[in-house]
Amino acid sequence: MQEQILKSKYDNGLKTHSWSWNRGKKNIYSKETLKKMSKSASKRIGEKGSNWRGGKTPELILLRASAKYKVWRNMVFLRDDFTCQDCGVVGGNLEAHHIKPFALFPELRFRIDNGITYCIKCHAKNDLRRRIPNDS
Ligand SMILES: [Zn+2]
């Protein structure tokens, strides 16, 4: 009973409010004024948007992703004693290679046992081999 009263009060209030708001505001601005207003508003949003969206958010995602990647890479290097697992070179331009391609196995992306240490030359060689499976 009380709920019913509250609900009808709320409904009435909402209806009168929105109705009078629409009626009151509808013809205050001329078409020309509205055009100008929407122009400056969209300009403002555009400027803010490029700073905010283009700058901070993806950067943060990238940073977090790359920080995680760096940790994974360092763990792979440590396990392999900073030694290329193909040609045996120690140190230098080492890269961590995903044994199972991380694009196809996102759940293995940061698994140490899915990583292997290669020097930059062997990484290119092994990556090429992986990308062209019929090339032996
Ligand atoms: Zn190598």
**Study point:** Number of positions in the stretch 67-93 that are modelled with pLDDT under 95 and in contact with a helix residue (DSSP H, G or I) (Cβ under 6 Å, 6 or more places away or on another chain)
**Key:** 1
Exercise for review: Scan (1) surrounded by 11 or more Cβ atoms within 10 Å (Cβ to Cβ); (2) away from the ligand (no atom under 14 Å from the Cβ); (3) at pLDDT 95 or above for the single condition ASP113 breaks and write down its number.
Suggested key: (1)
Review point. Across the stretch 87-101, what is the total count of residues that are away from the ligand (no atom under 13 Å from the Cβ) and crowded, with 17+ Cβ neighbours inside 10 Å?
Key: 1
Revision key, fill the gap. So, first residue over 23 Å from PHE110 (Cβ atoms) in the stretch 73-93, second residue more than 10 Å from the ligand (Cβ to nearest atom), Cβ within less than 7 Å, six or more apart or across chains; the pairs are VAL90/PHE82; GLY91/PHE82
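The values are calculated or read from the model by the stated rules, or taken from the named source; none is laboratory data. Please read these numbers as outputs of a predicted model, since none were measured by experiment. Every residue, glycine as well, gets a Cβ built from its backbone with ideal geometry; the counts of neighbours run over all protein chains shown.
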